[in-house]
Amino acid sequence: MARDQETDAEMDPETPPATGSSGGISIGVMTGGAAAAGDRASAEDRSRRAGTPTPPPSYTGAPTNVPGGIGIGVMTGGAAASGTDAKAVDASEQLLDAPPELATAVRTLREHLGMLNRTPDIAELDDGLNEIEEGVTSTGQVRRDRLQWLRDRLTLGATAAAGLASATAVVETIAQLTG
């Protein structure tokens, strides 16, 4: 039995020792995230990234023919797992530096929402806008996932607010931030 399998068995006598091939992962460039390979593999990325993301380093050769696994050319976050019982969780949070124009555009949209009927969709949108505005004014940063949520609400026409000119200004500001 391999040394790491002995250690696993000593720690948890109910866990049977691993057998067979465990697969593999080949990553060319990794600047964040998590990767695991093996019979009971698990990978989690719960990092908090602040600031505007930097472009990943260039990498010319993508890993290929990874026996039983995953080939990743460039990984700048997230999680990857390979093998029996593999599990990958990306619960990372990316914070972007937000310009003051975002707070102004969000505040204007919230004022315009007051002119619309207060439906559940409008209330949800107003709550989300409030969260974004508070984050921008208190820390100068905003969560990327909240911006994506807001952009989706405003560009998919999911609410009456999508037709407001102030909604267009918010979407344009988000596009500048997130690319």
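The values are calculated or read from the model by the stated rules, or taken from the named source; none is laboratory data. Model, not experiment: these values are computed from the prediction. A quick note on method: Cβ atoms are made from the backbone with ideal geometry, for glycine too, and the neighbour counts reach across all protein chains shown. Side chains are part of the model used for accessible areas, which takes the heavy atoms of the whole protein and leaves out ligands, DNA and RNA. Shrake-Rupley method; radii C 1.70, N 1.55, O 1.52, S 1.80 Å.
Structure values in brief
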{"quantity": "Residue-wise HN-Hα coupling along region 161-172, computed from phi with Karplus coefficients 6.51, -1.76, 1.60 (Hz; x: Gly, Pro)", "calculated": "5, 4, x, 6, 4, 5, 5, 4, 4, 5, 4, 5"}
{"quantity": "Most to least accessible of R153, R40 (protein chains only, probe 1.4 Å)", "calculated": "R40, R153"}
{"quantity": "In nm, spacing of pseudo-spin labels at E44 and T178 (7 Å Cα→C-beta vector)", "calculated": "2.6 nm"}
{"quantity": "Total charge dipole magnitude, region 91-175, about the Cα centre, Cβ charges on Lys, Arg, Asp, Glu only, Debye to nearest 20", "calculated": "140 debye"}
{"quantity": "Rounded accessible area per residue of region 72-127, 1.4 Å, Å²", "calculated": "52 Å²"}
